[in-house]
Amino acid sequence: MFLTITATGTPERPATDLGFLLHKHPDNAQAFSTSYGTAHVLYPEASVERCTAALLLEVDAVALVRRGKGKGRGGAPDAALAQYVNDRPYAASSLLAVALSAVFSSAMKGQCNARPELPARPLPLRVEVPALPARGGADLVRELFEPLGWTVTVEAVALDAEFPEWGDSRYVSLVLESARLTLSEALRHLYVLLPVLDDAKHYWVSSDEVDKLLRAGEGWLPDHPEQKLITSRYLSRRWSLTREAMERLELVRLAEADDSAVEEIDNAVGAETEADDAENSEEKEEKTVSLAVQRRDAILAALHASGAARVLDLGCGQGQLVQALLKDTRFDEIVGVDVSMRALTVASRRLKLDRMGERQAARVKLVQGSLAYTDKRLKGYDAAVLSEVIEHLDLPRLPALEYAVFGSARPKTVLVTTPNVEYNVRWETLAAGHSRHGDHRFEWTRAEFRTWAGHVAQRHGYSVEFTPVGPDDPEVGPPTQLATFTISAGTLTTKEEKAA
Ligand code: SAH
């Protein structure tokens, strides 16, 4: 199994930068053992003008069969497995994708400590895969790679070159060229699309494959026209996983469109934009403290009152609250969760996660995930915050979030804030009947919020109290409503304990 990656360069931008990016020195041939055999990395060519890295995977048939046995369905010999062992030692199948991610993991993540400026820079790249199993043929290969900015040259490989009348095999030879992509993007395209084309990944799909797919697909999969085919094939047509992935991709797409296109109305009235300034400003006292800051203060006060030390910020967005929590030594462990990878990237930059000292870093974690799914990682915390998040979900999805947070994660305290729609008449810039944010799926009156919160508390064994945030208008109430849920004494904390 074999592929090559070639960069071309100039004296200012030498092609041998490829070696830094791949973390593999061009002068050495190196071998790595992976779960499916030995991966070799070597450079047939390494000059300023042209540098080629080759990845060759020598499949270990014995290891593969041994691994496969434990995992095969019902102990029956796996047809897909037989193919790897018998017919296809040179084909660039999903096993090559696994090797790619094992051997070039930093390059895939876009990390390069030696030359931190390199990974973000697009490179003139040429990828060659001489034998690629492609179910769907050359047309599908083009449909998958062209929308990503590759120039695609693809030729069907004849079954036997001496007997063209036998027709084509299921292999193609592929050349991809682009000067617009970064190496990380290129590797992540291959990591996902090689197994998609191979379409025989059956025996190792597990639920964390959804996370892997979304990570590798960051920045390109949410907008890919063949997203559905890619997702479904990558996840071996496991319907429930495919559905989860599609929903999460849709949320990413919406959240990201949202980030760039629509600003929170708080911004429009100057509240959010003032937030950071106001915090440092000497005239702070004189300024009306912005609503965003008031919300954060109210949340911090409620967290202090609850005595929480380990806190989840669910739908953490760009990490403002996580940052405030980190500054407060009362909080030992802070986990920010969001479905939008772009928001998490901004959050991680804001927090300077990569430059943080070890002790600080041990206190904080950012996790990509959807709140509409139960998630084991979220169990066992003292408190969870949902600040301005519920109104971003379609109403029919709200019960799923309710179950994931109150039924499954079950923190002792849950804080939920959401706009009070009655207050909207007080925002001068808001036309009547409009919501505060383009992506708000609903906005509730005080009565609607209380009804929902009351039912949630009752269904899951919590008590609930309400606090106004911002000026509490005698007629229409405060702009933000905060509900504090506290788990009822004697309520078991997890379903498992209940079952016991
Ligand atoms: N909590 C932040 C951000 C609120 S904006 C604050 O108070 O300022 C809403 C955030 O919820 C966005 O970052 C959005 O990406 C996230 N979000 C929306 N639906 C989500 C879901 N189903 N799972 C996880 N995060 C979600």
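The values are calculated or read from the model by the stated rules, or taken from the named source; none is laboratory data. Note that this is a predicted model, so its numbers are computed, not measured. FYI the Cβ positions are ideal-geometry reconstructions off the backbone, even for glycines, and counts take in every protein chain you see.
Every condition in (1) part of a helix (DSSP H, G or I); (2) surrounded by 21 or more Cβ atoms within 10 Å (Cβ to Cβ) is met by Leu123 except one, and the failing one is (1).
For the range 22-70, which fully contained strands (runs of 3 or more DSSP E) count at least 3 residues that are at pLDDT 85 or above and crowded, with 16+ Cβ neighbours inside 10 Å? Lay out the reasoning, then the answer.
Numbers: elements: 30-34, 37-46, 50-59.
Per the criteria, 37-46, 50-59.
Just to be sure I understand the filter: pairs with C-beta atoms under 6 Å, separated by 6 or more residues or on different chains, first member in the range 387-399 and farther than 23 Å from Gln294 by Cα and among the hydrophobic types (A, V, I, L, M, F, W, C), second member more than 7 Å from the ligand (Cβ to nearest atom) and not in a helix (DSSP H, G or I). Which pairs pass? Listed pairs, sorted by first residue: Leu395/Phe442. Yes or no: Arg342 surrounded by fewer than 20 Cβ atoms within 10 Å (Cβ to Cβ) and touching a helix residue (DSSP H, G or I) at 6+ places or on another chain (Cβ under 6 Å)? Yes: the conditions hold for Arg342.
Give the residue that is nearest to the ligand (Cβ to nearest atom), with candidates limited to residues of the range 340-385 that are in a loop (DSSP other than H, G, I, E, B) and among the basic types (Lys, Arg). By that ranking, first place goes to Lys379.
Within the range 375-384, identify whether any single residue is closer than 19 Å to Ala483 by Cβ and touching a Ser or Thr at 6+ places or on another chain (Cβ under 7 Å), and answer yes or no. Among the residues of the range 375-384, at least one is closer than 19 Å to Ala483 by Cβ and touching a Ser or Thr at 6+ places or on another chain (Cβ under 7 Å), which makes the answer yes.
Among residues of the range 362-386 that are in the same structural domain as Asp338 (by TED's automatic domain parsing), those with a beta-carbon under 6 Å from a residue that is among the polar types (S, T, N, Q) at least six positions away or on a different chain give the pairs Leu366/Ser348; Thr374/Ser408; Ala383/Ser306; Ala383/Thr413.
Based on this model, can you work out whether Glu388 counts as touching a helix residue (DSSP H, G or I) at 6+ places or on another chain (Cβ under 9 Å) and among the acidic types (Asp, Glu)?
When the stated conditions are applied, Glu388 passes them.
In the range 300-320, the residues that are closer than 18 Å to Leu351 by Cβ form Cβ pairs under 8 Å with partners that are within 14 Å of the ligand (Cβ to nearest atom) and among the polar types (S, T, N, Q), at six or more places apart or across chains, as follows: Asp313/Ser387; Gly315/Ser387; Gly317/Ser340; Gly319/Ser348.
Would you check if Arg441 is in the same structural domain as Asp297 (by TED's automatic domain parsing), modelled with pLDDT under 95, buried (at least 17 other Cβ atoms within 10 Å of the Cβ) and within 16 Å of the ligand (Cβ to nearest atom)?
no
Can you pull out the residues in the range 211-225 that are among the charged types (D, E, K, R) and part of a loop (DSSP other than H, G, I, E, B)?
Within the range 211-225, the first condition is being among the charged types (D, E, K, R), and the residues that meet it are 211-212, 215, 218, 223.
Across the range 211-225, the qualifying residue is only Glu218.
Against the condition free of Cβ contacts under 8 Å to residues at least 40 places away in the same chain and either out of contact with any His (no Cβ under 7 Å at 6 or more places or on another chain) or over 18 Å from Met108 (Cα atoms) (or both), how does Leu18 come out, does it pass? No; evaluated as a whole, the condition is false for this residue. Residue count for the range 339-354 under the criterion of being of a type in the set (Lys, Arg) and at pLDDT below 85: the result is 1.
To keep it simple, each residue is scored yes or no on (1) buried (at least 20 other Cβ atoms within 10 Å of the Cβ); (2) within 25 Å of the chain's Cα centre (by Cα).
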{"site": "Arg377", "(1), (2)": "no, yes"}
{"site": "Leu395", "(1), (2)": "no, yes"}
{"site": "Pro399", "(1), (2)": "no, yes"}
{"site": "Val405", "(1), (2)": "yes, yes"}
{"site": "Ala409", "(1), (2)": "yes, yes"}
{"site": "Ala447", "(1), (2)": "no, no"}
{"site": "Trp452", "(1), (2)": "no, no"}
{"site": "Val456", "(1), (2)": "yes, no"}
{"site": "Thr467", "(1), (2)": "no, no"}
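Yes/no matrix, rows are residues, columns are (1) modelled with pLDDT of 50 or more; (2) under 30 Å from Leu214 (Cβ atoms); (3) surrounded by fewer than 22 Cβ atoms within 10 Å (Cβ to Cβ):
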residue	(1), (2), (3)
Ala245	yes, yes, no
Glu250	yes, yes, yes
Leu254	yes, yes, yes
Val262	no, yes, yes
Ala268	no, no, yes
Glu279	no, no, yes
Ser306	yes, no, yes
Val322	yes, yes, no
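The one condition from (1) within 15 Å of the ligand (Cβ to nearest atom); (2) over 23 Å from Gly319 (Cα atoms) that Glu448 does not meet is (1).
Tell me which residues, restricted to the range 127-182, are of a type in the set (Val, Ile, Thr) and either assigned to a strand (DSSP E or B) or surrounded by fewer than 16 Cβ atoms within 10 Å (Cβ to Cβ) (or both).
The first filter runs over the range 127-182 and keeps only residues of a type in the set (Val, Ile, Thr), leaving 127, 129, 141, 151-154, 157, 172, 175, 182.
Those that are of a type in the set (Val, Ile, Thr) and either assigned to a strand (DSSP E or B) or surrounded by fewer than 16 Cβ atoms within 10 Å (Cβ to Cβ) (or both): Val127, Val129, Thr151, Val152, Thr153, Val154, Val157, Val172, Val175.
In the range 305-333, the residue that is farthest from the ligand (Cβ to nearest atom) out of those that are under 26 Å from the mean Cα position of the chain (by Cα) and on the phi > 0 side of the Ramachandran plot is Gly319. Please specify each residue of the range 386-408 satisfying the condition of being within 13 Å of the ligand (Cβ to nearest atom) and not aliphatic (A, V, I, L, M). Ser387, Glu388, Glu391, His392, Asp394, Pro396, Arg397, Pro399, Glu402, Tyr403 - these are the residues of the range 386-408 that are within 13 Å of the ligand (Cβ to nearest atom) and not aliphatic (A, V, I, L, M). Selection of the range 299-339 for residues being over 15 Å from Ala361 (Cα atoms) and among the charged types (D, E, K, R) yields Asp313, Arg330, Asp338. Taking the conditions exactly as written (at pLDDT below 85 and assigned to a loop (DSSP other than H, G, I, E, B)), does Ser206 satisfy them or not? Here the answer is yes, as Ser206 does meet what is asked.
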